[in-house]
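J.: Have a look at this one before I ask anything.
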Amino acid sequence: VGDAIQLKGARQDLKLEFERQATYQDGQTRLFNVKVLASNRSGRDYTITGKEAQVGKDESSFEVKGEVKLETSDGLIAHSEQATYSDAEKIVRAPGPVRFSRGRMNGTGIGFNFDEQRDLLTILENADVHFAPEGNEGPMDVTAGAFTYARRDRFMRFERTMHMDRSGQLIDADDGTVKLYPDRDETDVIELRGNSRVTGGGTMGALQTMAAKDMNLKYGEDGRTLQH
């Protein structure tokens, strides 16, 4: 590491490390082979690495480009080609294609936001999310126009034409919200809004299909058996 910059307004817990820097005729300074270190951000640490970065004039924002990787101390990893951060809003934004993972979840999409204060992960477009089986929860695959994962507030939201496959049970709606148990990432309730439809999957007994404008699905402790 050649040097480091401490961002202003960040309470001495956010800095950029870099191997070298270059200043151009227009006065812009670029940093190469950078690493952003954020400590104790709402109870977690995270790092962002990339090939180069440009720091805002007030040294309270930055933009990282080239093989960008975000990694948090509690397991979130995201890859993109560009990311920006402003200390005023405390949100990491990555436009363009992104791939991400956290625990049993992984996926891809276009446009990525990470709100460090609310522990909120958002995919803005073309969300394609996969969940590996874990505990009582079986595998789940979901596509939607947008995806929000609120780990602290215990829900996942899929917007703009959701299609979900839960171990063969097919669930479709304009929008869907999966409410999670307080102590584990397993499904408690699925709320469907607009053109809601559920097809089979072996958890509805003799019933094969349900359809309505809106629908709430309450699951048992195993996260798969439909109760109400």
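The values are calculated or read from the model by the stated rules, or taken from the named source; none is laboratory data. In this text, all values refer to a predicted model and were calculated from it rather than measured experimentally. Cβ: placed from backbone, ideal geometry, glycine included. Neighbour counts: every protein chain shown. SASA here: full protein model, heavy atoms, side chains in, ligands and nucleic acids out. Shrake-Rupley method; radii C 1.70, N 1.55, O 1.52, S 1.80 Å.
J.: Given (1) open to solvent by 10 Å² or more (accessible area, probe 1.4 Å); (2) within 11 Å of the chain's Cα centre (by Cα); (3) modelled with pLDDT under 95, where does Lys90 come up short, assuming only one miss?
T.: Of everything listed in (1) open to solvent by 10 Å² or more (accessible area, probe 1.4 Å); (2) within 11 Å of the chain's Cα centre (by Cα); (3) modelled with pLDDT under 95, Lys90 misses just condition (2).
J.: Looking only at segment 150-160, count every residue that is of a type outside the set (Asp, Glu), surrounded by 16 or more Cβ atoms within 10 Å (Cβ to Cβ) and closer than 12 Å to Ala127 by Cβ and tell me the total.
T.: Result for segment 150-160: 3.
J.: Being among the hydrophobic types (A, V, I, L, M, F, W, C), more than 24 Å from Thr161 (Cβ to Cβ) and in a strand (DSSP E or B) narrows it down to one of Ala88, Ala38, Ala127, so name that one. Give the derivation first.
T.: Numbers: Ala88 fails: in a strand (DSSP E or B); Ala127 fails: more than 24 Å from Thr161 (Cβ to Cβ).
From the options Ala88, Ala38, Ala127, the qualifying one is Ala38.
J.: So which of Phe62, Phe112 is under 11 Å from the mean Cα position of the chain (by Cα), assigned to a strand (DSSP E or B) and either of a type in the set (Gly, Ala, Ser) or crowded, with 16+ Cβ neighbours inside 10 Å (or both)? Steps first, answer last, please.
T.: Values: Phe62 fails: under 11 Å from the mean Cα position of the chain (by Cα).
Exactly one residue qualifies, and that residue is Phe112.
J.: Please go through (1) at positive phi; (2) open to solvent by 70 Å² or more (accessible area, probe 1.4 Å); (3) modelled with pLDDT under 95 for Leu207 and return the number of the only condition it doesn't satisfy.
T.: (1)
J.: Do the conditions hold for Gly107, that is, is it of a type in the set (Gly, Ala, Ser) and closer than 18 Å to Met164 by Cα?
T.: Working: of a type in the set (Gly, Ala, Ser): yes; closer than 18 Å to Met164 by Cα: yes.
Yes; evaluated as a whole, the condition is true for this residue.
J.: Here's something else I'd like to know. Kindly indicate the residue of segment 173-189 that is assigned to a strand (DSSP E or B) and open to solvent by 50 Å² or more (accessible area, probe 1.4 Å) and also farthest from Lys213 (Cα to Cα) among those meeting that condition.
T.: Keep residues of segment 173-189 that are assigned to a strand (DSSP E or B), which gives 173, 175-181, 184-189.
Retained after the next criterion (residues that are open to solvent by 50 Å² or more (accessible area, probe 1.4 Å)): 175, 179, 184-185.
Values: Asp175: 11, Lys179: 19, Arg184: 29, Asp185: 27 Å.
Ranking the qualifying residues of segment 173-189, first place goes to Arg184.
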